[in-house]
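The values are calculated or read from the model by the stated rules, or taken from the named source; none is laboratory data. Here the structure is a predicted model, which is why all the values come from computation and not from measurement. With ideal geometry, Cβ positions are generated from the backbone for all residues, glycine too; neighbour counts draw on all protein chains shown.
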Amino acid sequence: MPDEPGDRPAPRPRSKRRSRAVTFTYPPATGPCDDQPALDLLSEGNLKVEGRLVAASNATLYCTVRRHGQTTGTDLVALARSREQPKLRDMAVFDAVVNNADRKIGHLLPVADGRLYGCDHGVCFGEEYKLRTVLWQWRGQKLPGRALSALGRLERDLEGGSLAAELDGLLSAAEVAATRARVELLIRHRVHPYPPENWPAVPWPPV
């Protein structure tokens, strides 16, 4: 005889995941950064739609912004294919840690001062290995020393630091354990991961 609904334990409440922009800086910045020119450009500039990415799952438009002669328009495809950008490589390591299943070219946000941001991290932290990214150019190569140092700090913080406490409120225990296991695996093998064999390696569309 099935249990009565009242006999079943209530499911554990889950906090809503938050999508955060992330940036990598090695070593840490030595002084304050000035984002005001970029903010002025975005808030006061003239937006021009150059075209639409018709294969995208959402209505995705390619635009430029111009204000007083200053303009945007970085070649993101060339950036995503580069092997010589340390911050882009750091982004690839970050994606391996969070198991990012949707790192597209348009999720790379370079700014004029040389920093590189990433956005739209809603498809991350899965328990199964489902890394799907446009940043495979370092697969199988040795991790840089700065990445191994960062991973070591991350491993310690996941063991009982403030990050462990924060993730406990955002992810399930299994997802936190899987994240810790990915960090340990990267440190043990010291190489960038290979694409999964049973999962599409590149998101569609890649932009």
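Brief remarks on what is shown
- Candidates Asp120, Asp157 - the one that is in contact with a Gly (Cβ under 9 Å, 6 or more places away or on another chain) and surrounded by fewer than 17 Cβ atoms within 10 Å (Cβ to Cβ): Asp120
- Only residues that are more than 16 Å from the chain's Cα centre (by Cα), within 16 Å of Val123 (Cβ to Cβ) and not small (Gly, Ala, Ser) were counted across the stretch 172-185, and they come to 1.
- Taken together, the residues in the stretch 110-125 that are assigned to a loop (DSSP other than H, G, I, E, B) and in contact (Cβ under 8 Å) with a residue 24 or more places away in the chain amount to 11.
- Answer residue from the stretch 101-113, given it is modelled with pLDDT of 90 or more and in contact with a helix residue (DSSP H, G or I) (Cβ under 8 Å, 6 or more places away or on another chain) and is farthest from Pro196 (Cα to Cα) among those: Leu108
- Number of positions in the stretch 160-195 that are crowded, with 17+ Cβ neighbours inside 10 Å and free of Cβ contacts under 8 Å to residues at least 24 places away in the same chain: 2
- When Ala78 is tested against the conditions (1) farther than 23 Å from Lys142 by Cα; (2) exposed (fewer than 14 other Cβ atoms within 10 Å of the Cβ), the lone failure is (1).
- Candidate set: the stretch 129-154, residues that are free of Cβ contacts under 8 Å to residues at least 60 places away in the same chain and farther than 23 Å from Arg83 by Cβ; chosen: the one surrounded by the most Cβ atoms within 10 Å (Cβ to Cβ): Leu154
- Any hit, the stretch 30-40, residues being modelled with pLDDT of 75 or more and either surrounded by 10 or more Cβ atoms within 10 Å (Cβ to Cβ) or among the hydroxyl-bearing types (Ser, Thr, Tyr) (or both): yes
- Evaluated against (1) surrounded by 12 or more Cβ atoms within 10 Å (Cβ to Cβ); (2) closer than 14 Å to Tyr129 by Cα, Asn198 falls short on exactly one condition, (1).
Conditions tested, residue by residue: (1) farther than 20 Å from Leu135 by Cα; (2) of a type outside the set (Gly, Ala, Ser); (3) more than 11 Å from the chain's Cα centre (by Cα); (4) in a loop (DSSP other than H, G, I, E, B).
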position: Val77; (1), (2), (3), (4): no, yes, yes, no
position: Glu84; (1), (2), (3), (4): no, yes, yes, yes
position: Arg89; (1), (2), (3), (4): no, yes, yes, no
position: Ala96; (1), (2), (3), (4): no, no, no, no
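- Count of the stretch 169-207 residues, restricted to those that are outside any helix (DSSP H, G or I), under 29 Å from Glu159 (Cβ atoms) and among the charged types (D, E, K, R), is 1.
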